[in-house]
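The structure under discussion appears below in the form of structure tokens.
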Amino acid sequence: MKLPGQLPIYLDHHSTTPVDPRVAAVVMEVMTYAYGNANSVEHLYGELAAELLYGARCDVARLVGAAPEGVCFTSGSTQGISLALFHAVASCKHRPLRVALSTVEHRAVMDAIKLYEQQGEVVVCWLPVDGQARLEMSELRRACQDGVDLVCVMAANNEVGTIYPVGEIVAVANAAGSQTLVDATQAVGRIPMVSDEWGITYLAVSAHKIYGPKGVGALIAPRGFEGWLMDQSGHSAAQGTPNVPGIVGLGKACRLRQVEMSSDEPRMANQRDRLEEMLLDGIDGLVVNGDRSHRLSNNLHVSVPGVPNDAVIARLRRLVALSSGAACSSASQSPSHVLRAMGLSETLQEGALRIGTGKFTTNKQIELAGRFIVDAVSDTRTALRG
Ligand code: PLP
């Protein structure tokens with residue numbers, strides 16, 4: 001594989017994270033030596049693979065505060081969310097399933113729900129957010145009082161980084177007899193989670209957001225879920241040969257987050273604050289989006305009014321890798337539904353930049369990136385004037 005000479009500073013960790021070399025090492029070891037099929041337990045190879053899966057199950061469960069039996073391995077959060085919704089719809093005694101959904105959920109949740117809505121299986125009650133992407137709790141309470149079967153909320157937003165009070169949200173839902181689907185993709189391994197204590201019904205996790213491999217994740221689901229899934233013959237969700245190396249990588253990534261989260265996160269928050277300071281000092285009119293007192297430690301989401309983000313990103317192409325929003329919307333260049341839901345003006349939406357630092361980001365990279373971004377905005381402004 002040929003990489004371009006000097007790679008830009010990577011500040012797009014909400015999109016995906018690099019694999020921790022310690023995770024890569026165990027994945028490699030499993031691929032090379034522990035290659036048995038975990039379903040073929042008549043021999044030692046299969047038995048070892050099955051044991052490794054069980055270890056990973058325990059690691060995931062420990063990180064999110066759930067029982068190992070509740071862990072179902074998936075190909076990532078998109079599949080986890082889709083399986084959770086499939087189960088929620090199928091096990092609901094009446095039609096349609098009444099779902100309350102925040103307006104800033106990830107496309108993985110929104111698109112799946114919209115599909116069920118078109119089929120008449122689901123009716124949606126949209127839960128609005130305020131200008132900092134915070135959930136209007138009074139609206140959640142009202143929706144729950146009116147009758148909701150499933151409340152879908154993310155634990156932290158993938159664009160502006162706002163962290164949601166999941167424990168409180170789940171308590172409101174449970175008190176009204178509603179189940180919950182928590183998309184914890186961006187929050188797991190960054191903030192403490194106690195899924196079982198909070199009483200979450202479904203919780204989705206993805207390895208590639210926590211320095212693990214791509215294409216693997218887990219859904220924490222109610223007891224009996226995996227057996228139920230096996231019985232759904234003909235459904236694409238039926239599980240085949242488990243991805244043992246990927247799952248072991250997920251387990252190792254969870255173990256590392258468990259041990260290192262409390263030291264990594266404050267350091268990353270300091271770096272983010274330094275970068276924020278540099279941008280606020282160097283860019284006239286810069287607006288910081290999201291809830292600055294409750295946001296992911298590695299998130300910095302800003303808008304530069306009147307300066308189109310694509311022009312800035314193009315100038316930074318060889319220097320800093322950052323994005324205009326969620327990976328899927330930036331690829332399609334469609335406006336961000338999150339920023340729209342927050343009520344940001346068109347100019348703030350057009351000038352939006354999402355910056356995500358990571359645990360391997362150095363202070364030197366932060367200083368350089370700050371200078372590069374300030375210069376890129378300044379050059380873009382000059383070019384627009386000219
Ligand atoms: N939910 C959130 C909040 C995300 O940020 C993402 C990925 O960007 C997903 C779901 C989808 O996760 P995956 O890539 O594991 O399918």
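Quick notes
- Measure of compaction for segment 1-73 (Cα Rg per 2.2 N^0.38 Å): 1.49
- Taking a Cβ cut-off of under 10 Å around Ala253, the surrounding Lys, Arg, Asp and Glu residues balance to a net charge of +3, with basic ones at +1 and acidic ones at -1.
- Direction-averaged projected area, Cα convex hull, the chain: 20.1 nm², rounded to one decimal.
- For the chain, complete DSSP H runs whose alpha carbons reach 15 Å or more along their own long axis and whose mean Kyte-Doolittle score is 0.5 or higher are 21-32, 44-64, 77-91.
- Potential extension, Arg318-Leu7 segment - 0.36 nm per residue separation minus Cα distance: 111.3 nm
- Overall form of segment 111-187 per C-alpha gyration tensor (a/c, 1.5; a/b vs b/c): oblate
- R0 of 45 Å, Cβ-Cβ distance Asp196-Glu29: FRET efficiency to nearest 0.05: 0.90
- Accessible-area composition of the chain, carbon plus sulfur, in percent [1.4 Å probe]: 54
- Beta bridges per DSSP with both ends in the chain, % antiparallel, nearest 5: 50
- Among the GluC sites (Glu not before Pro) within segment 48-145, those in coil by DSSP and having at most 16 neighbouring Cβ atoms inside 10 Å are Glu136.
- Protein heavy-atom accessible surface, 1.4 Å probe, per residue over the chain: 44 Å².
- Shape metrics for segment 295-383, restricted to C-alpha atoms - Rg then Dmax, Å: 13.0, 35
- Sum of side-chain charges, Asn174 neighbourhood, beta-carbon under 14 Å (Lys, Arg +1; Asp, Glu -1): -3
- Virtual spin-label span in nm between Glu226 and Glu136, 7 Å along Cα→Cβ: 4.2
- Over segment 152-224: Rg over Rh, Cα atoms, Kirkwood Rh: 0.97
- Rounded if a/c under 1.5, otherwise prolate or oblate - segment 1-140, Cα gyration tensor axes: oblate
- Excluding exposed DSSP-loop trypsin sites (Lys or Arg not before Pro) (at most 11 other C-beta within 10 Å), longest clean stretch of the chain: 94-222
- Summarising the label geometry, the points placed 7 Å from Cα in the beta-carbon direction at Lys114 and Lys214 lie 2.3 nm from one another.
- Label zone at Ala175, where the point sits 7 Å out along the Cα-to-Cβ direction: segment 87-125 residues whose backbone N lies under 17 Å: none
- Nitroxide proxy distance, nm - points 7 Å out along Cα→Cβ at Tyr45 and Glu367: 5.3
- Isotropic mean projected area of the C-alpha convex hull, segment 136-293 (nm²): 12.3
The values are calculated or read from the model by the stated rules, or taken from the named source; none is laboratory data. All values reported here derive from a predicted model rather than from experimental measurement. No Cβ is skipped: glycine too gets one built from the backbone with ideal geometry, and neighbour counts run over all protein chains shown. Accessible surface areas use protein heavy atoms only, side chains included; no ligands, DNA or RNA. Shrake-Rupley method; radii C 1.70, N 1.55, O 1.52, S 1.80 Å.
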